[in-house]
Structures are given as structure tokens and as C-alpha cells.
Amino acid sequence: MKRITFVFALLALFVSQLALAQNIKVTGTVKDASNGEPLIEASVVVLGTSVATVTDANGNYVINAPANATLEFRYVGYTTKEVAINGRTKVDVELEDENVLDAAIVVGYGTARKISQVGSAQAVKTKTIKDRPVINIGDALQGAVAGLQVYSSSGDPSAAVDMRIRGVSSINASRAPLYILDGTPVLSSIFTTLNANDIENIVILKDAASTAIYGSRAANGVVYITTKKGTGEIPTVRANFNFGVSSVARNPVRFANNSEYFQIYEMTDPTLVNDPEYVAKRDFYVGNNIGTNWKRYLLHSKAPTMGGDVSISGRGKIVDYYVSLTANRQNGIERNTALNRYGVRSNINVRVTNWFKTGLNLGLTYQTQRIASYNTTGNSWYNPLQMATWIYPYASIRKVITTTTDNYEGSG
């Protein structure tokens, strides 16, 4: 009886080992661990063999493997993962995203290269800049990257932004970096019209090793911008709204009021106190508290900035899409200056066949602006802030506006 039991035990063990040695059909899905989105064309390999496959547009895979084998999952920019099958017919896997600097996001002449292999570079992801209430993406980069300096030529909302990567590299030639938008060189004016929520990441290339792939145009560094693409099996709608205020950071100049002005005037010419016409004029303006605070009239104490955008993105078996609409308004620190901007961005990609893919990357911007009607580099009389230091504090606003600088009696 014991011998029969032993024989049956050996037979059961043999059958189980034979079952494990047979190939079974294993299916599953490979997704991003951070957001649950499917990973397309991720590699699935039976460890120790040449048997392999890739995931489809929905992240699904099918592979034949021994029941006791181990599957290896690989995807560019993600940590490799090994999972034992243990007789299962369905194995779902989530891969962890590696550091963004290890992804092949810089494409120059030849094959793609990882940023960590081309020199000094620093990436700024959208979460760093998306919540900053600015209408100009250049302003959002201030303080985000070591060695990057961002300048604005004036407080005018429509003023362009100048960037310097690791200081000034030329005296007479251009000092601006090369801007690359989704692999295409663009002007700095196009860069400043981008919506922060449309950007996936911005990579700042700093040294000669990283910028050499773009030639002499990249002598001052490269700002490489990648916009968002469609993700997720289910269409996703996102809406954002922001609001902020701007004010003069430091303005130590204090204008004299009427009483102070007449006191200073009498100190320079004491004989005026005996002039009946002057005394009547002084008593009238001071007694009736007639005067204008020109600094308060010309400058906003809190200039509002507001903006909003709405986007929809998704991915199907052959199409992925990202479409967004943007509207922004920014009032300048100087009164009667403002910028209104409206934009639309559309990134659509279609996989026609396994070897042919096409798409449309479209960005349109329309803006209106009110700017100060003077030239700060020319005659200072046409600069209101400069002119305000010469105008009598008791001069009426209507008189100043309707009188030219050639015959205005209040300048002195």
C-alpha cells in the first residue's frame, strides 16, 4: 500500500513538472506606474531566450512562454522589471519612470542621444512652471534653472524676454540662446507666446558638448521645448485658471505735494512772499487742496494678470491628440498699457501603418496690445514718468493731456 502511494506521488510530480515545461499563452498590459497610462511598443522578453514581443497602442501584449519562465519588461526612460509567470495566463505590469535626463529627448544630427551623454543640461517639467501666474513663459523660468538669467526690457506686458545662459558670451554679436520647439528652431517671439500648460518639459543645454549638435547657432546655449501629446485611452478634459497682481518693486522717488512745492519755491526766491499774485495763487491751490499725485496717476499699485485654458487629450488605436484653447490678459504697471492674448494648439498624430506615421503640430496666437506712446531711448519729454518730475503738482490732468510739451507752461 505504501509502495502504491509512493508511485502515485512520483507520477503527480512528473505530471506537474511536465505541465510547467509546456508553453502557455500569457497576456497582460504594461502601464506607467505614475499615471496608469499604457506604454506603447514596450518590449516583453522571455528571460534567457530570444522570444520577445511589443505592446500595442493600448499597452497590451500576447506572448507564448513556459509556465515557470520569467518575463522581462523594458521601455525607454523606465526602469526594467522582471516578473515570474508562475503558471499565470495574465500578467499586468507597471513600470517606474526614470529621471527625465535619461530619456532620449534631444535629437540632433544622426541618432537620438540621451542628455546625460551630451554634456551639461537641466530639465524643467511642466509642474514647475504651470502654476505661476505669468503670461510670458520666459518669466516662469526665473529661478528654475541654475545659470539661467531672464531679463525683461521694460514693464510693458508685450515686452520681449531676453535670456542669458551662463552669462554674456559676446560683445557685438547675438547673446540670445537657440530656441527649439518640438525639434524645429523658432524665434524668441514665438517662444514667449506659448502657454505653460501646453509644455511637457523644457531642457536647457548649457555647454559646448551638449550644443555642438546644433552648430554655431547654439553658441549661446539651447532652450529645447517639448509640447504635450495625447495620452490616455479615455479622453481627458482639463481646465485651469490663474490670477495675480504686479506692482513696482522699488520706486524711491517721492514727489512733492502742493504745500511742499510752494515752500521749496519760496526758499529759492524769498521775495515771492511779497508778490500778491503769487500769494493769491498759492493760497488758492493749497487752501482748496488742489493737486495731482502723478506717480499714483501714472502707475498701477496692483496691476492684475489673469488667464485660463482648457484642453482635451486622448489616445486611440491609431490616433493620439492634444488640443487646447488659451486666453490671457495682463495689465502693465504703467496705466493704459495691457496685453490680450488668445491661442490654440493642436498636436495630432496618426499611425497609418506599422511603419508609417504622420501628424499635425499647429500653434496659432492672436494678440492685441496697448503700449506707451513714447520711446524711452529718445526725447525724455515723451516719457510720462520722466515728465512727471517736471510738472507742477497743482497742474490739472486735463491741461497736461491737452497741451503739447512745446508750449506747456507747467514744465519747469
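The values are calculated or read from the model by the stated rules, or taken from the named source; none is laboratory data. Computed from a predicted model, the values in this text were never measured in an experiment. Using ideal geometry, Cβ is built from the backbone for each residue, glycine included, and neighbour counts are taken over all protein chains shown. With ligands, DNA and RNA removed, areas are computed over all heavy atoms of the protein, side chains included. Shrake-Rupley method; radii C 1.70, N 1.55, O 1.52, S 1.80 Å.
For LYS357, the aspartates and glutamates whose Cα comes closer than 18 Å to its Cα, not counting residues fewer than 8 places off in the same chain, are GLU41, ASP56, ASP182, ASP320. Using only alpha carbons, the range 228-282 has a radius of gyration to Kirkwood radius ratio (Rg to Rh) of 1.70.
Starting from the Cα of SER346, move 7 Å in the Cα-to-Cβ direction to define the label point; list residues of the range 217-240 whose amide nitrogen is under 16 Å from there. Flagged as within label range: 229-230.
Go through LYS31/LYS125; LYS229/LYS302; LYS31/LYS130 and tell me which ones have a Cα-Cα distance over 28 Å in this structure. Write out the running numbers ahead of the final one.
Working: LYS31/LYS125 21 Å; LYS229/LYS302 37 Å; LYS31/LYS130 25 Å.
Beyond 28 Å between Cα atoms: LYS229/LYS302.
Here each label is just a point 7 Å from Cα along the line to Cβ, and for ASP275 and THR79 those points are 8.4 nm apart.
For GLY221, the amide hydrogen comes within under 5 Å of the amide hydrogens of LEU178, counting only partners 5 or more places away or on other chains and with H modelled in the peptide plane.
Taking the range 302-378, which trypsin sites (Lys or Arg not before Pro) meet the DSSP loop condition and have no more than 13 other C-beta atoms within 10 Å? Qualifying residues, ordered by number: LYS302, LYS317. With a cut-off of 9 Å between beta carbons, the residues surrounding LYS31 carry a summed charge of -4, where Lys and Arg count +1 and Asp and Glu -1. Largest accessible area first, the residues ILE225, ILE371 order themselves as ILE371, ILE225 under a 1.4 Å probe with ligands, DNA and RNA left out.
Taken per residue, the accessible surface of the range 251-366 reaches 62 Å², heavy atoms only and a 1.4 Å probe. The charge dipole of the range 219-273, taken about its Cα centre with unit charges on the Cβ atoms of Lys, Arg (+1), Asp and Glu (-1) only, comes to about 620 debye.
Computed over protein heavy atoms with a 1.4 angstrom probe, the accessible surface ordering of LYS81, LYS25, largest first, is LYS25, LYS81.
Which entries of LYS81/LYS228; LYS25/LYS127; LYS228/LYS295 show an alpha-carbon separation above 32 angstrom in the structure shown? Checking Cα-Cα distances, LYS25/LYS127; LYS228/LYS295 exceed 32 Å.
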